[in-house]
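Participant: Before I ask anything, let me first share the structure, which is written out below as structure tokens.
The values are calculated or read from the model by the stated rules, or taken from the named source; none is laboratory data. Since this is a predicted model, take the numbers as computed values, not measurements. Cβ placement follows ideal geometry from the backbone for every residue including glycine, while neighbour counts extend to all protein chains displayed. For the accessible areas, the whole protein counts, side chains as well, though only heavy atoms, and no ligand, DNA or RNA atoms are used. Shrake-Rupley method; radii C 1.70, N 1.55, O 1.52, S 1.80 Å.
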Protein chains: 2
Amino acid sequence: MPTISSRGANAHTSPIRKLSPYADAAKKAGRKVYHLNIGQPDIQTPPAALQKVRTTDVKVLEYSPSAGIASYREKLPEYYRRNGIDVTPGDILVTSGASEGIYFALLACLDRGETILSPEPLYANYVGFAEMADVHIRAVTCTIETGFALPSVADFARALTPDVKAIFLCNPNNPTGAVYPEIMLRALAELALEHDIYLFVDEVYREFCYGETPFFSALNLPGMENHVVVFDSISKRYSACGARVGAVVSRNHRVLTTILKYAETRLSPPSFGQMLAEALIDTDEAYFSTVKKEYKQRRDLLYNRLSAMPGVTCYRPDGAFYVFAKLPIDDCERFCQWLLEDFTYNNQTVMLAPGNGFYTTPGLGKQEVRFAYVLNERDLNNAMDCLALALERYQAEMKIETSFRV
Amino acid sequence: MPTISSRGANAHTSPIRKLSPYADAAKKAGRKVYHLNIGQPDIQTPPAALQKVRTTDVKVLEYSPSAGIASYREKLPEYYRRNGIDVTPGDILVTSGASEGIYFALLACLDRGETILSPEPLYANYVGFAEMADVHIRAVTCTIETGFALPSVADFARALTPDVKAIFLCNPNNPTGAVYPEIMLRALAELALEHDIYLFVDEVYREFCYGETPFFSALNLPGMENHVVVFDSISKRYSACGARVGAVVSRNHRVLTTILKYAETRLSPPSFGQMLAEALIDTDEAYFSTVKKEYKQRRDLLYNRLSAMPGVTCYRPDGAFYVFAKLPIDDCERFCQWLLEDFTYNNQTVMLAPGNGFYTTPGLGKQEVRFAYVLNERDLNNAMDCLALALERYQAEMKIETSFRV
């Protein structure tokens, strides 16, 4: 049998999706699984935009231009302007989700063996994209005690060796929900400018800030026109993950021109998704206030429930829709699998994303998990009932197991 | 300013799309451009399937499973069975076009620096994917004199050094339209088996064979279950290029499991596209006979027109919707750009794909171009009127230019 490549055999597996076979088995066995593992909201995609796609008169579903449908790119600055960001259609290249944009930017800006500097825990898929692009991630570790606030600029500066080509942030942060203050972004911008490296910022959760720190886009950092590359997506903004439409936004057109070569190789982003995305720009602002209110309530519920569980360390996240909490468990992977394989309460269980997959530093995150508060309050409450009981049972079983071993 | 990566700066540019800015400029100037550069058919996407997407009641446009929507994967074997191919849903992983599947297979099966063996001219984007995956393409050159038939097995065997991990074919062939006979595929399969390497086959033009050589799928090669990986797409089959839905099909589940890791990193293929793809499986077989008849007429028209032009070398291709012809020109890139920048006939011009971009051997294809016969007969005739005149004018201008130089 021909061999699999070593890189393929050793490739990063998504902590968000890799337990899916166990979840599928649990569902097949008739159990209800609460999916808190994945940022797939239950919020409705704005119906008016969906309706517009339905009534579009398409005769031939053509390739779009590689950089995106022209009318969509031309309309996008409207959205950015409403969010206080001044960009032109030429600053925008449409991608298949933010995912593809991140991967293309790594190819366009970093050579093999070069490094990006990123706070950890980090969105696990960055690790996958870095592997695909054959670049390294050097992590600057954040801690749960500060609610995963950014480390000091001095910490970043210390990690900044000549092979570092970009500082890479996710703001508001996936997986921690931290929102980075303008002052911190300005300080990091200065550092990037001083070393003449890129500042990559994944801003797909831009709309979702609930705390006192207002969102500040890296696109509004003065003097950083050539250094800032922002990744964007309609997935979370409009609960339209399946559209697979994102964008790279940068005033550095050399970066965009280089990315365009990769974009041409894959031909085009999905046409239906782009039609939806274009219609979504007209979404009423009331949609966001309703959705934000909903997420804020869910966050509070989740925070309150987790805080009440003995041995759980938690904080109140300011943005996105994630909490990264520490549980009284020995091994998050084992626990998350156990939840799906061995645990049931009223024929229900919970799926979580093991925390270690969000760190690049070996050994970190072993007791942590990511919760996505993407379900309605009743479901979230049920999931928390499951979790509270599961933690008790798991601890009891592990103790028994440990005593047997002795 | 931070630097672009060297790989980005030197990245392959698509010969199919790279002249697009010149085409856009020509259109802006009011000229009609006949696009024979790109395999974007003007054939209608089956309306019944489009209608089904319109009437689907989607409330939340969710991520699909990374390997594709379950109901679509489960229905796909119907399509393959109708085409004499026996596969299960587990043999299929849905991708964003064949493009993504090819790239993922390179990552999963080849380590950096390893090689695929492919006949050239080859589909230019393979070069881009190979670069992204950091693998080499070693080409076995076909010639226009034989209508770009496959070279002998001995030619492949000679090129088969230990770093070769796969033979990679496109059948029916893009860009040449050659259809490979069963006997040749069996011989190459034997070679692959002997060296225990993969046989990758891009079969996205499966339906489009007009000659005496019937299509033979690599999935029907006996004893090759672990070696054959097929790339597929709905783009050409149903004229649905913008859907961005393809698949990797293989009975080697280690390959699919490894690809799934990369697929999970990019989350999911587009949901709307998959809904369309699922509905398209029910497309009446009459659709294909109508479409095939149409393409065959266009092929004959194109072949007849090209053959009548002085100095043009051409052949009658058996499949897909391309002709790769040799023109009486000095430099195909220069000529194709000239067509868009400097030529006009009744305020019309033609866009072609320069042939050199389809070769990896430097210097080859300089006088060749790829024609995609994706336009209706009237448009094709107009395009050929333009080309005939353009060739005359270009030759005259070049002669003048040359004499000036002397």
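Participant: Give just the number: which of (1) over 23 Å from the mean Cα position of the chain (by Cα); (2) open to solvent by 10 Å² or more (accessible area, probe 1.4 Å) does residue A:35 not satisfy?
Facilitator: If we test residue A:35 against (1) over 23 Å from the mean Cα position of the chain (by Cα); (2) open to solvent by 10 Å² or more (accessible area, probe 1.4 Å), just (1) comes out false.
Participant: How many residues does region B:118-148 hold that are of a type in the set (Ser, Thr, Tyr), in a loop (DSSP other than H, G, I, E, B) and under 17 Å from residue B:201 (Cβ atoms)?
Facilitator: Within region B:118-148, residues that are of a type in the set (Ser, Thr, Tyr), in a loop (DSSP other than H, G, I, E, B) and under 17 Å from residue B:201 (Cβ atoms) number 1.
Participant: Moving on to the next point. Can you pull out the residues in region B:59-78 that are surrounded by fewer than 21 Cβ atoms within 10 Å (Cβ to Cβ) and without any contact (Cβ under 8 Å) to a residue 40 or more places away in the chain?
Facilitator: B:59, B:60, B:70, B:74, B:77
Participant: Which condition does residue B:36 not pass, out of (1) outside the structural domain of residue B:294 (by TED's automatic domain parsing); (2) at pLDDT 95 or above; (3) of a type outside the set (S, T, N, Q), if it passes all the others?
Facilitator: Single failed check for residue B:36: (1).
Participant: Considering region B:51-72 alone, what residues qualify as being over 26 Å from residue A:19 (Cβ atoms), in a loop (DSSP other than H, G, I, E, B) and more than 7 Å from chain A (Cβ to nearest Cβ)?
Facilitator: B:56, B:57
Participant: Follow-up question, since we're still on this one. Say we look at region B:1-37 and pick out the residues that are within 7 Å of chain A (Cβ to nearest Cβ) and of a type in the set (Val, Ile, Thr); which of these is farthest from residue B:283 (Cα to Cα)?
Facilitator: Per the criteria, the residue is B:4.
Participant: Since residue A:149 meets every condition but one in (1) within 14 Å of chain B (Cβ to nearest Cβ); (2) open to solvent by 40 Å² or more (accessible area, probe 1.4 Å), which condition does it not meet?
Facilitator: (1)
Participant: Additional query: Please pick out the residue among A:90, A:113, A:101 that is more than 9 Å from every other protein chain (Cβ to nearest Cβ) and outside any helix (DSSP H, G or I).
Facilitator: When all the criteria are applied, what remains is A:113.
Participant: For residue B:295, are the conditions met, namely being of a type in the set (Ser, Thr, Tyr), facing another protein chain (nearest Cβ under 8 Å) and open to solvent by less than 20 Å² (accessible area, probe 1.4 Å)?
Facilitator: no
Participant: Another one. For the condition more than 14 Å from chain B (Cβ to nearest Cβ), touching a helix residue (DSSP H, G or I) at 6+ places or on another chain (Cβ under 6 Å), among the basic types (Lys, Arg) and assigned to a helix (DSSP H, G or I), what is the one hit in A:305, A:316, A:334?
Facilitator: Going through A:305, A:316, A:334 in turn, the sole match is A:305.
Participant: Okay, next question. Within region A:207-232, track down each residue that is closer than 14 Å to residue A:98 by Cα and open to solvent by 10 Å² or more (accessible area, probe 1.4 Å).
Facilitator: Across region A:207-232, there are no qualifying residues.
Participant: When region A:187-244 is examined, which residues are found to be among the hydrophobic types (A, V, I, L, M, F, W, C) and assigned to a loop (DSSP other than H, G, I, E, B)?
Facilitator: A:197, A:204, A:208, A:215, A:216, A:221, A:224, A:234, A:240 - these are the residues of region A:187-244 that are among the hydrophobic types (A, V, I, L, M, F, W, C) and assigned to a loop (DSSP other than H, G, I, E, B).
Participant: Right, another one. Yes or no: residue B:100 out of contact with any Asp or Glu (no Cβ under 8 Å at 6 or more places or on another chain), farther than 30 Å from residue B:338 by Cα, open to solvent by 60 Å² or more (accessible area, probe 1.4 Å) and not polar (S, T, N, Q)?
Facilitator: no
Participant: Consider only pairs whose beta carbons are under 6 Å apart and that are at least six residues apart or on different chains; among these, list those whose first residue lies in region A:212-229 and is under 9 Å from residue A:182 (Cβ atoms) and whose second residue is of a type in the set (A, V, I, L, M) and part of a loop (DSSP other than H, G, I, E, B).
Facilitator: So the pair list comes out as A:213/A:179.
Residue-wise test of (1) within 8 Å of another protein chain (Cβ to nearest Cβ); (2) farther than 25 Å from residue B:134 by Cβ; (3) under 22 Å from the mean Cα position of the chain (by Cα).
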position	(1), (2), (3)
A:200	no, no, yes
A:209	no, yes, yes
A:214	no, yes, yes
A:228	no, yes, yes
A:231	no, no, yes
A:243	yes, yes, yes
A:247	no, yes, yes
A:265	yes, no, no
A:270	yes, yes, yes
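Participant: So residue B:123 clears everything in (1) open to solvent by 10 Å² or more (accessible area, probe 1.4 Å); (2) more than 12 Å from chain A (Cβ to nearest Cβ) except one condition, right? Which one?
Facilitator: (2) is the only condition that residue B:123 fails.
Participant: Kindly indicate whether any position in region B:386-393 is part of a strand (DSSP E or B), more than 28 Å from residue B:212 (Cβ to Cβ), in the same structural domain as residue B:15 (by TED's automatic domain parsing) and not aromatic (Phe, Trp, Tyr).
Facilitator: No, because not a single residue in region B:386-393 is part of a strand (DSSP E or B), more than 28 Å from residue B:212 (Cβ to Cβ), in the same structural domain as residue B:15 (by TED's automatic domain parsing) and not aromatic (Phe, Trp, Tyr).
Participant: Another one. Is at least one residue of region A:79-97 in contact (Cβ under 8 Å) with a residue 40 or more places away in the chain, closer than 27 Å to residue B:97 by Cβ, buried (at least 24 other Cβ atoms within 10 Å of the Cβ) and among the small types (Gly, Ala, Ser)?
Facilitator: Yes: region A:79-97 contains one or more residues that are in contact (Cβ under 8 Å) with a residue 40 or more places away in the chain, closer than 27 Å to residue B:97 by Cβ, buried (at least 24 other Cβ atoms within 10 Å of the Cβ) and among the small types (Gly, Ala, Ser).
Participant: Which condition does residue B:290 not pass, out of (1) in contact with a helix residue (DSSP H, G or I) (Cβ under 9 Å, 6 or more places away or on another chain); (2) assigned to a helix (DSSP H, G or I), if it passes all the others?
Facilitator: (1)
Participant: Okay, next question. Restricting attention to region B:337-358, which residues are assigned to a loop (DSSP other than H, G, I, E, B) and open to solvent by 10 Å² or more (accessible area, probe 1.4 Å)?
Facilitator: Listed by number, the residues that qualify are B:342, B:344, B:346, B:347.
Participant: Can I ask one more? Which count do you get for residues in region A:265-290 that are open to solvent by 10 Å² or more (accessible area, probe 1.4 Å) and more than 26 Å from residue B:50 (Cα to Cα)?
Facilitator: The total comes to 7.
Participant: Could you check, for region A:110-119, whether at least one of its residues is in the same structural domain as residue A:207 (by TED's automatic domain parsing), of a type in the set (A, V, I, L, M, F, W, C), open to solvent by less than 40 Å² (accessible area, probe 1.4 Å) and under 20 Å from residue A:266 (Cα atoms)?
Facilitator: yes
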